[in-house]
Amino acid sequence: MGNKGTKENTRGRIIESAKKLFAEQGYQKTTIVDISRQAGLSEAALYEYFQGKEDLLLTIPDLWVSELLAGIQEQLFGIKGTVNKLRKYLWWNLRRIEQAPLDAKIVYLFLKTNANFMNTPVYANVRKLYSYLLEIFEEGKRTGEMKPDLNPHSARNIFVGTMDHIVTRWLLKDMSYSLFDNLDDIFDLMVSGFMQNHSKVLSPLPGKEAETTARVAERTEEAAGQERLAGPQD
């Protein structure tokens, strides 16, 4: 029992050492010698736990992504409305990323560009995590919140791509600002493209700008109504 605990502790120490070095000096520049020294082990001892540097890279985010997957259902529990669920999904993911920047850096800057990533348990869990978005978009179509012709897979890809861009830019800029800066504006702009009535999503605008936007929306709706009355054109 004690031996098993010691092995788990050693394995955890190796993972934490690799995580720190990958994040600080990059995956390519980090060597097995660096990791073994950081962990206080010989190279031979490290190879008893991992096959090499890539094996470590593919193992490190597994626990973090598994925790994300385990928590998403609870986070969405009781939330009504497609937009509210999408907002919670995005805000919670970004919050967890801010709380675990080393894991995020390894996943977004190194792991996702690795050719073997799609063959890992981490990728399988990422797919499960993103499948919740498909369910949310499908629900939105059923309830009428989303456009009836919306392709849930395309919407999911746009949502994930936007989230990935937000996170990658933040990491490349050394996390010098909050992930939540201007996030409301980005979310409203993105989600309005999915909605049946996007005016419900957009944040209210002050003063004359809001009045002008409202008039444009009214004219657009009026024109659309006239088109429907006129019927299809040859």
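Couple of notes before you dig in:
- Listed by first and then second residue, the pairs linking a residue in segment 108-122 that is at pLDDT 80 or above to a residue that is part of a loop (DSSP other than H, G, I, E, B) and among the small types (Gly, Ala, Ser), with Cβ atoms under 8 Å apart and 6 or more places separating them unless they lie on different chains, are PHE110/GLY26.
- Spans of helices (runs of 4 or more DSSP H) in segment 1-90 with at least 1 residues within 27 Å of PRO152 (Cα to Cα) and either aromatic (Phe, Trp, Tyr) or not assigned by TED's automatic domain parsing to the domain that holds PHE117 (or both): 62-76
- Counting the residues of segment 119-140 that are within 21 Å of LEU56 (Cα to Cα) and in contact with a helix residue (DSSP H, G or I) (Cβ under 8 Å, 6 or more places away or on another chain) gives 6.
- Boolean, PHE50 is over 13 Å from ALA18 (Cβ atoms), modelled with pLDDT of 90 or more and of a type in the set (Phe, Trp, Tyr): no
- Subset of segment 1-60 that is exposed (fewer than 13 other Cβ atoms within 10 Å of the Cβ) and β-branched (Val, Ile, Thr) - its residue that is farthest from PHE117 (Cα to Cα): THR6
The values are calculated or read from the model by the stated rules, or taken from the named source; none is laboratory data. Quantities reported herein were computed from a predicted structural model and do not represent experimental measurements. Cβ atoms come from the backbone with ideal geometry, glycine included; neighbour counts cover every protein chain shown.
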